[in-house]
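Here the structure is laid out as structure tokens; the discussion comes afterwards.
The values are calculated or read from the model by the stated rules, or taken from the named source; none is laboratory data. Model, not experiment: these values are computed from the prediction. Cβ sites come from the backbone with ideal geometry, for glycine too, and all protein chains shown count toward neighbours. Just the protein is used for accessible areas: all its heavy atoms, side chains included, with ligands, DNA and RNA removed. Shrake-Rupley method; radii C 1.70, N 1.55, O 1.52, S 1.80 Å.
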Amino acid sequence: MSSVSNVKSSADLFESLNQARDTKSKSQETQDRFLKLLITQLQNQDPMNPVDNAQSTSQMAQMSTVTGIENLNASITSMMTTFNAGQSYQAAALIGKQVLAEGDTMQFDGKTEVTGELDVPDGGARVTVTIYNANNQKVDEISLGDQKAGRQSVSWDGKDASGNTLPAGKYYISATADQPTGAGKVLPTYTYVGVKSVALDNGTVNLSLSDGRVLPYSKISSIM
């Protein structure tokens with residue numbers, strides 16, 4: 001069953017914001033204690049040897065700087081908490097959808113054309129795509145010809161080399177670029193995989209995919 005794990009609720013979000021507010025209050029208390037001590041020092045100073053005004057001003061400036069930094073840190077922490085919660089809710093909408101991620105696994109439903117992408121190296125190359133079944137047996141080969149450098153799309157009609165439609169199931173894609181040496185260079189491939197669940201782990205939104213992998217939300221290229 002699809003699920004969302006560790007995604008912050010509204011109550012959790014408000015609790016985090018309150019913690020940031022409490023941090024500010026403690027910082028203010030420290031500043032108040034400093035001012036009370038300074039006033040007490042001024043009230044009890046020796047009239048013949050008064051407190052150096054420059055020194056007092058410097059101490060107050062230092063306290064103000066420290067307080068400002070602490071407040072800024074608290075504000076940034078609060079903003080990051082809000083951002084992570086928002087990203088979690090956004091990622092939760094991906095459950096049940098297909099996302100494009102680096103990998104070689106393709107799920108064929110028995111009738112719908114399977115699409116994916118691959119990275120062609122600088123300068124371009126003549127690209128060949130090979131399809132394997134779950135038993136690692138070669139079932140089809142697609143010649144894409146000369147391709148420009150960068151991300152390029154590829155599709156497979158679900159048929160073998162003889163034109164027979166293959167049964168639904170898991171298949172694998174491999175792409176190679178011809179090289180002058182004769183040895184093919186394996187290219188990175190990207191396929192669509194279903195999202196089963198979403199989890200928030202130490203501020204990082206992770207997606208649990210139907211092929212068993214867990215990937216950060218940032219690794220997703222597109223959504224179908």
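Starting from the range 112-136, take each residue that is under 21 Å from D157 (Cα atoms) and list its partners that are open to solvent by less than 70 Å² (accessible area, probe 1.4 Å) and outside any strand (DSSP E or B), counting only C-beta distances under 6 angstrom and pairs at least six apart or across chains.
Listed by first residue and then by second, the contacts come to D119/P188.
Write out, first by first residue and then by second, each pair whose Cβ atoms fall under 7 Å of each other, whose residues are 6+ apart or on separate chains, and whose first residue, in the range 176-188, is open to solvent by less than 50 Å² (accessible area, probe 1.4 Å) while the second is in a loop (DSSP other than H, G, I, E, B) and at pLDDT 65 or above.
These pairs meet every condition: T176/G184; A177/P121; A177/G184; G184/D178.
Just to be sure, is Y171 part of a strand (DSSP E or B), modelled with pLDDT of 95 or more and under 17 Å from T112 (Cβ atoms)?
yes
When you go through M80, M63 one by one, which is the residue that is modelled with pLDDT under 70 and within 28 Å of S208 (Cβ to Cβ)?
M80
Filter the range 120-172 for residues that are of a type in the set (A, V, I, L, M) and buried (at least 18 other Cβ atoms within 10 Å of the Cβ) and give the result.
The answer is V120, A125, V127, V129, I131, V139, V154.
Would you tally the residues in the range 114-152 being modelled with pLDDT of 95 or more, over 26 Å from the mean Cα position of the chain (by Cα) and of a type in the set (D, E)?
2
Please find, among E117, E113, the residue that is open to solvent by 50 Å² or more (accessible area, probe 1.4 Å), among the acidic types (D, E) and under 20 Å from G103 (Cβ atoms).
Values: E117 fails: open to solvent by 50 Å² or more (accessible area, probe 1.4 Å).
Step by step, each of E117, E113 is checked, and only E113 is open to solvent by 50 Å² or more (accessible area, probe 1.4 Å), among the acidic types (D, E) and under 20 Å from G103 (Cβ atoms).
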